[in-house]
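Here's the structure we're looking at; comments come further down.
Read the figures in this text as sums done on the coordinates, not as results from a lab. Given the structure is predicted, the values throughout are model-derived calculations rather than measurements. Quick reminder, even Gly has a Cβ in these numbers, built from the backbone with ideal geometry, and neighbours come from all protein chains shown.
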Amino acid sequence: MTVNWAQVLFNSTITGSLYLIGAVGLTLTYGLSRFPNFAHAEFITLGAYIGYSVAEQAGLGFPLALVVSFLVTGIVGILCYRGIFQPLAKRGATIIHLMVASIALGFILRYSIGATWTWKPLYFTTTWSAFNIGPLRITGLWVWLILTAIALAILMHFILVKTKIGKAIRATSSNPELALASGINVDRVILITWFIGAGLAAFAGIFRGADTQIWPLTGWDIILPIFAVTILGGIGNFYGAIVAAFIIGLAENVGVVGLIALGLSTSYRIGIAFLILIITLIVRPEGLAMLFRRA
Amino acid sequence: MDPLLYVLDLIVFIGIFGIVALSLNLEFGFAGLANFGKVAFFLIGAYTYALLSQIGVPFYLCLVAGGLVSAIFGLLVSLPALRLRADYLAIAVLAFGEILRLIVKSEEFAGGDWGITVSPAISLVGASHRVDALVNIGLVYFCLLICFIVVQLLANSPYGRAMRAIREDEVAAEALGKSEVKYKAQALMLGSAMAGVAGGLYAQYLQYVLPGMFMPMVTFTVWIMVLLGGPANNWGVLLGAALVQIFNRGTNILKDYFILPINPTDLQYILFGALIILVLLYRPQGLLKESRIKTKAMEGVRRARNAVKNKGSQ
């Protein structure tokens with residue numbers, strides 16, 4: 001069996017880009033609010049459906065779908081934080097309670113989506129031009145996905161390093177009391193982070209949906225690899241997430257080659273990320289964070 | 001469908017999930033462990049039962065084996081996982097459950113997507129469905145009773161008090177010489193054994209096992225039972241198990257009588273989600289509160305306090 005390694009590498013970049021876009025929001029809110037928001041999966045799904053409605057049902061095209069879906073899902077993120085997590089945290093809920101609440105919120109969103117759009121898978125009908133470069137098979141969608149991930153990485157870097165809000169996010173993430181004492185409006189910083197985080201989840205949902213299909217479990221299907229990226233990268237660490245996303249993408253795609261060579265089912269593909277997740281948690285729960293200055 | 005059979009079926013389900021809820025109560029309610037992978041141990045019990053009964057092992061040994069294998073996995077998982085923070089543990093065991101489901105879905109020996117047919121534990125010749133259900137009620141509630149007694153005795157023993165102390169304050173309990181990891185590992189092992197037995201009962205009652213029966217959803221249904229009923233209160237979690245099952249059936253029956261603008265299954269989970277958030281916000285102790293610890297020493301303290309109070313009011 002000959003393996004097209006160039007394609008494997010390229011596919012790793014695609015997988016990594018998707019996971020990065022999905023993980024940025026999770027890692028930022030996890031770092032700031034200090035609990036893993038399992039409903040992030042449903043932010044992804046919701047984003048995909050809103051994107052679908054705008055692009056397909058309203059026929060307004062893909063770029064506008066991204067914008068609208070970012071805004072709407074971002075606002076949903078803010079509402080969820082304000083309506084559920086903030087009151088819970090104020091009442092002194094433990095991290096376990098917050099996690100369970102996020103799963104409960106996930107139920108509400110997931111089944112509301114199912115009730116609104118039914119459980120039948122939906123497909124984007126936008127056709128993407130496909131072309132070959134040497135041994136590589138590439139589609140327009142994948143190019144967009146990779147460009148979005150790169151743009152996101154650069155933009156987030158500038159926001160985190162250069163802007164006031166970015167500095168406030170970093171400060172609040174590393175020490176909320178000190179941030180508050182330095183006059184940072186911590187409450188506003190958290191709300192903005194939830195907005196951006198949920199909005200970016202919507203991007204991940206649209207790209208995933210356009211590449212495969214949309215159904216109410218779109219987000220849940222990829223949430224554990226996204227958790228793997230978040231944890232491998234170090235919670236709240238944006239630069240760690242970039243590296244981790246590509247490590248997991250690479251591991252999954254090289255792993256598939258390995259699975260075929262070993263004669264195992266390729267449905268184990270998703271298990272590779274789970275395994276990395278578990279091993280990271282056990283061996284090095286702080287992830288790659290030490291390799292980077294906390295951001 | 002036969003209404004009596006429907007009720008009997010409901011009672012069997014309450015019993016099986018009552019066992020799982022009790023096991024989560026031991027882990028979360030008493031020991032403070034966030035087991036988000038409960039379904040993994042339920043799956044292990046069910047598949048152990050199914051595979052063993054295929055080669056002709058008697059049902060009681062299958063059930064015990066399901067519990068044992070599950071307990072061993074519980075111990076194996078706990079060894080590395082218990083040193084983790086609550087959120088890391090939750091994510092790790094959730095992923096563990098998903099890996100197990102992937103394995104039984106992909107491997108030939110476990111029947112893959114099509115699962116395995118399981119023979120019922122006790123099959124009487126020529127018995128009607130109602131009698132079968134009654135036999136199952138006997139079997140399930142016998143196991144439930146044993147689990148209940150074990151958890152109840154543990155909870156009120158010095159052992160259980162140490163467990164609760166660790167849940168409240170790990171550092172203080174460690175300072176008093178109570179090893180956090182030891183207690184939590186034992187809670188996870190015993191909880192997994194109970195979930196394993198419940199899995200075996202489930203497999204033989206439904207007479208098949210499928211990977212689709214063991215979605216993460218099952219874990220969270222059990223969490224709803226525990227949080228709604230009252231963590232660290234065994235009667236509470238049984239009440240929770242009954243309420244969730246009845247609610248489940250209720251919404252399914254309602255759809256036959258009312259035309260809802262929404263799919264009843266969707267509505268059911270939306271309501272479950274909302275219910276859990278409301279419980280966490282307004283009644284985090286659940287419907288039934290954790291009962292006070294009763295010991296002779298505590299009784300003495302209480303009596304002395306009352307005496308002082310009475311004196312003061314005279």
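Computed from point charges on the beta carbon alone (+1 for Lys and Arg, -1 for Asp and Glu), the dipole magnitude for chain B about its Cα centre is near 1660 Debye.
Between the residues B:234, B:259, B:112, the greatest Cα displacement towards the positive end of the dipole of chain B, with unit charges on the Cβ of Lys, Arg, Asp and Glu, is found for B:234.
Shielding value for A:273-279 is 5, the average number of Cβ atoms from other chains within 10 Å of each residue's Cβ.
Determine the sum of side-chain charges near residue B:33: Lys and Arg each +1, Asp and Glu each -1, restricted to other residues whose C-beta is under 10 angstrom from that of residue B:33. Provide the component values of the computation, followed by the final result.
On the way: positive: B:167, B:184; negative: B:27.
Computed value for this residue: +1.
Per residue, chain B reaches -25000 deg cm²/dmol at 222 nm when only DSSP H runs of four or more residues are counted, each adding -39500 (n - 2.57). Compute log10 of I(q)/I(0) for the range B:1-55 with the Debye formula, placing one identical point scatterer on every Cα and leaving out solvent, at q = 0.12, 0.16, 0.19 Å⁻¹, to two decimals. Listed by q, the Debye log ratios stand at -0.43, -0.68, -0.81.
Quick one: in chain A, what % of C-alpha pairs are over 35 Å apart? Please list the in-between numbers first.
Working: 6804 of 43365 pairs.
That tail contains 16 percent of the Cα-Cα pairs.
Working note: Cα atoms of the range A:1-119, range along each principal axis, descending, whole Å: 57, 37, 25. Separation of the range A:216-264 and the range A:138-191, taken as the distance between their Cα centroids, equals 22 angstrom. Taking all Cα pairs closer than 8 Å and separated by 6 or more residues, the relative contact order of the range A:5-291 comes to 36 percent. Students often get this wrong: which residues of the range A:214-234 have the backbone nitrogen under 17 Å from the point 7 angstrom along Cα-to-C-beta of residue A:264? Only A:225 fall inside the zone, counting backbone N under 17 Å. Backbone phi angles across the range A:4-21, fed through the Karplus curve with coefficients 6.51, -1.76 and 1.60 (θ = phi - 60°), yield HN-Hα couplings of 7, 5, 4, 5, 4, 5, 5, 4, 4, 5, 5, 4, x, 4, 4, 5, 5, 4 Hz in residue order; Gly and Pro are listed as x.
For the residues A:15, A:139, A:148, what sequence is obtained by ranking on other C-beta atoms within 10 Å, fewest first? If you can, show how the numbers build up before the last one.
Working: A:15 23, A:139 16, A:148 20.
Listed from fewest to most nearby Cβ atoms, that is A:139, A:148, A:15.
Using R₀ = 22 Å, calculate the FRET efficiency as 1/(1 + (r/R₀)^6) where r is the Cβ-Cβ separation of residue A:71 and residue A:185; round to 0.05. Step by step, r from the Cβ atoms, then E = 0.50.
Could you work out how much longer the chain between residue B:207 and residue B:293 gets when fully extended? Use 0.36 nm per residue separation minus the Cα distance between them, nm to one decimal.
On the way: separation 86, 0.36 × 86 = 30.96 nm, distance 4.18 nm.
Separation in residues times 0.36 nm, less the Cα-Cα distance, equals 26.8 nm.
In a reduced charge model with +1 at each Lys and Arg Cβ and -1 at each Asp and Glu Cβ, the protein assembly as shown shows a dipole moment near 2180 debye about its Cα centre. If R0 is taken as 35 Å, the Cβ-Cβ distance between residue B:10 and residue B:182 corresponds to a FRET efficiency of 0.35. When both the range B:1-18 and the range A:51-100 are represented by their alpha-carbon centers, they are found 39 Å apart.
From the square roots a ≥ b ≥ c of the eigenvalues of the alpha-carbon gyration tensor of the range B:3-313, which class results: rounded (a/c under 1.5), prolate (a/b over b/c), or oblate?
On the way: a/c = 1.73, a/b = 1.44, b/c = 1.20.
Prolate.
Checking every one of the trypsin sites (Lys or Arg not before Pro) in the range B:255-303 against DSSP loop status and a limit of 10 other Cβ atoms within 10 Å picks out B:292, B:294.
Here the simple spin-label model places points 7 Å from the Cα toward Cβ, and for residue A:283 and residue A:6 these points are separated by 3.3 nm.
For the pair the range B:230-304 / the range B:51-99, the C-alpha centres are spaced 26 Å from each other. Each helix, a run of at least 4 DSSP H residues, gives -39500 (n - 2.57); summed and divided by the residues of chain A, these come to -24000 deg cm²/dmol at 222 nm. How far is helix B:180-206 tilted off the main Cα axis of chain B, in degrees rounded to 10, range 0 to 90? Computed tilt is about 30 degrees.
Amide H to amide H, with H built 1.01 Å from N, residue B:208 comes under 5 Å of B:118, counting only residues 5 or more places away or on other chains. Kindly identify the range B:88-188 as rounded, prolate or oblate by the Cα gyration tensor criterion: order the square roots of the eigenvalues as a ≥ b ≥ c, call it rounded if a/c is under 1.5, otherwise compare a/b with b/c, prolate if a/b is larger, else oblate. Since a/c reaches 1.5 but b/c is at least a/b, the shape of the range B:88-188 is classed as oblate. Taking Cα centre as origin and charging only the Cβ of basic (Lys, Arg, +1) and acidic (Asp, Glu, -1) residues, the dipole magnitude of chain A rounds to 620 debye. Per-residue Cβ neighbour counts within 10 Å put B:194, B:163, A:99, B:215 in the sequence B:215, A:99, B:163, B:194, beginning with the fewest. Stretched out straight at 0.36 nm per residue, the stretch from residue B:122 to residue B:72 would grow longer than its current Cα-Cα span by 15.3 nm.
Put simply, the convex hull of the Cα atoms in the protein assembly as shown casts, on average, a shadow of 33.5 nm². If you wrap the tightest convex hull around every Cα atom of the range A:216-289 and split its volume per residue, you get 84 Å³.
Label separation (residue A:143 vs residue B:108): 4.5 nm, computed from points 7 Å beyond Cα along the C-beta direction.
Taking every residue in B:97-109 and counting other chain Cβ atoms within 10 Å of its Cβ, the average works out to 3.
By definition, a body whose alpha carbon gyration tensor gives a ≥ b ≥ c is prolate when a/c is 1.5 or more and a/b is larger than b/c, and the range B:172-220 fits this prolate description.
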